[in-house]
Amino acid sequence: MTIQKVSTLLLFGATGDLSHRMLLPSLYGLDVDGLLPEKLKIVGTARSELDDDSFRASAVAALREHVPTDFFDHSRADQFAARLSYVQLDAKDKPGFAKLAERIDPADGLAIFLSTAPSLFEPTIQGLASAGLAGDEVRLALEKPLGSNLASSREINDAVAAEFPEERTFRIDHYLGKETVQNLLALRFANVAFEPLWNSAHIDHVQISVAETVGLEGRSDYYDGSGALRDMVQNHMLQLLALVAMEPPADFDATSIRDEKVKVLRSLRPIGPDDVPNHVVTGQFGAGAIGDQPVKAYAEELGRTSQTETFVALKAHVENWRWAGVPFYLRTGKRMPARKTEIFIQFKCIPHSIFAKRGAKTRPNKLVISIQPEENIRLMVMAKTPGLDREGIRLREVPLDVGLRDAFADTRRRIAYERLLLDLIDGDPTLFVRRDEVEAQWQWIDGVRASWEQTGLEPKVYGAGSWGPSAAIALTERDGVQWHD
């Protein structure tokens, strides 16, 4: 199905933090590079009382704050702001959508970016439909969270599907817009050196870590009702796992890639109550320090006691021929000592070392795919230490680095949302998440949570600035594995 480009982009939540930090800077970057349709109009809407001029002024101020200094240009910012207009709207006020419709002609193609609380999804969609803004020329992008469990996710998806069929629904996981995540596909499927080794015969285990140094950051109500498992594992981490574990797709298109991801998600072994002691660790940060800065405990930052986990570590298995017996260790937490997102792949040891009798020790090869804060691909290989070897051969582990910033120094480093917004405008759903993906993720996550609740698992306290509770170390060390810190 061919979907036309749009003439209007409608941003819900246009005065919010996501808009100021990510969406407006991304659209500015696309505009500067000449990638937006020449006549594209961007309409912002929110409850704030603004007119067109004040919205444009606030947008330019956001660009000045969040766009890199060497890329910000005031005249280009003003030129971009000329595309902007604003309509005040309370999503719960259904008649108010008629006012919005007066400013938009959906017949010329309309894309809607919905960055609101999930409780507003259904009334917003109903309001759009009532005002004639949900027709065949309209597509809808949804920012997470898409529910808090499988049942609520289905309710949201049903409400969306009532007006927007799957081919016009674009569910966002911004990790999929990151260059290094897309490079994971290039690494696997554009290089003959890796794919023949990408299986249980050659890979010992996989680690996926998402560590944050921040705490609640003004999201206390949402986060305390969600926790690390639902906030981070259900979406970002399971998407990364699916990209690591998927079979080669037939083509680089939305259907082929998303079909293979769904197969992985449906192959995840359920974690039952008997598995919890050896497969699940939860934690909650206590007081501590990150760098030289003291950090309050979660309960103190929240203002009340809570059993919500701010850390979770899981041992997962993908039950298929490619990955039989290979553990996938997942770890995420707040108030960690460093901010990082990475995929760590450890290959198996060589079957026989010809150097052992000469005193040399070998280590298994490792592949580290760093996603943030720096985008980097590093392969650790064994090399001979220079010398005449009179006292034996010495081998050393050395890195082969592909720093994307250096390798592509002539290319501007883009915000993930630039790619996703441009794909939304162009109607390309490849890097968006399909409904069956979301529901497969929730089904597995709900099973994990039900099992730990059944066993009475409670989060263990870990000091802020540490890598989580000691039980997380034991989770891997039982298998002779250490976390890649």
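The values are calculated or read from the model by the stated rules, or taken from the named source; none is laboratory data. Remember, predicted model here, so these are calculated numbers, not experimental data. In this analysis, Cβ positions are derived from the backbone assuming ideal geometry, glycine residues included, and neighbour counts consider all displayed protein chains. Keep in mind that these areas ignore ligands, DNA and RNA; they rest on the heavy atoms of the full protein, side chains included. Shrake-Rupley method; radii C 1.70, N 1.55, O 1.52, S 1.80 Å.
Of all residues in region 314-325, which are over 19 Å from Leu229 (Cβ atoms) and buried (at least 20 other Cβ atoms within 10 Å of the Cβ)? Residue satisfying the conditions is Trp323 alone.
Table: residues versus (1) open to solvent by less than 30 Å² (accessible area, probe 1.4 Å); (2) in a loop (DSSP other than H, G, I, E, B).
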{"site": "Glu301", "(1), (2)": "no, no"}
{"site": "Glu309", "(1), (2)": "yes, yes"}
{"site": "Phe328", "(1), (2)": "yes, no"}
{"site": "Thr332", "(1), (2)": "yes, no"}
{"site": "Glu342", "(1), (2)": "yes, no"}
{"site": "Thr362", "(1), (2)": "no, yes"}
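Asp251 passes every criterion in (1) more than 30 Å from Gly16 (Cβ to Cβ); (2) touching a residue at least 24 places away in the same chain (Cβ under 8 Å) apart from (2). Just so you know, in region 88-144 the residues that are β-branched (Val, Ile, Thr) and in a loop (DSSP other than H, G, I, E, B) include one that is nearest to the chain's Cα centre (by Cα), and it is Thr116.
Per the conditions (1) over 30 Å from Asp221 (Cβ atoms); (2) free of Cβ contacts under 8 Å to residues at least 40 places away in the same chain, the sole criterion not satisfied by Arg103 is (2). Within region 364-382, being of a type in the set (S, T, N, Q) and either outside the structural domain of Val280 (by TED's automatic domain parsing) or not in a strand (DSSP E or B) (or both) holds for one residue alone: Asn365.
Scanning region 440-452 for residues that are of a type in the set (S, T, N, Q) and more than 16 Å from the chain's Cα centre (by Cα) turns up at least one hit.
Of the residues making up region 14-55, those that are open to solvent by 10 Å² or more (accessible area, probe 1.4 Å), closer than 24 Å to Phe97 by Cα, assigned to a loop (DSSP other than H, G, I, E, B) and among the small types (Gly, Ala, Ser) number 2.
Return a yes/no flag: does region 310-320 have any residue that is over 30 Å from Gln293 (Cβ atoms), in contact (Cβ under 8 Å) with a residue 60 or more places away in the chain and either in contact with a Pro (Cβ under 9 Å, 6 or more places away or on another chain) or not assigned by TED's automatic domain parsing to the domain that holds Arg219 (or both). Yes - at least one qualifying residue is present in region 310-320. For region 188-211, the set of residues classified as open to solvent by 10 Å² or more (accessible area, probe 1.4 Å) and out of contact with any Phe, Trp or Tyr (no Cβ under 6 Å at 6 or more places or on another chain) consists of Phe189, Ala190, Asn191, Val192, Ala193, Phe194, Glu195, Pro196, Leu197, Asn199, Ala201, Asp204, listed by residue number. Ile354 satisfies every condition listed in (1) within 30 Å of Leu216 (Cβ to Cβ); (2) of a type in the set (Val, Ile, Thr); (3) part of a loop (DSSP other than H, G, I, E, B) except (1). For Ala474, the conditions (1) surrounded by 15 or more Cβ atoms within 10 Å (Cβ to Cβ); (2) at pLDDT 95 or above; (3) of a type outside the set (D, E, K, R) all hold with the exception of (1). Looking at Leu404, is it touching a helix residue (DSSP H, G or I) at 6+ places or on another chain (Cβ under 8 Å), at pLDDT 80 or above and under 30 Å from Leu9 (Cβ atoms)? Taking the combined requirement at face value, the residue does not satisfy it.
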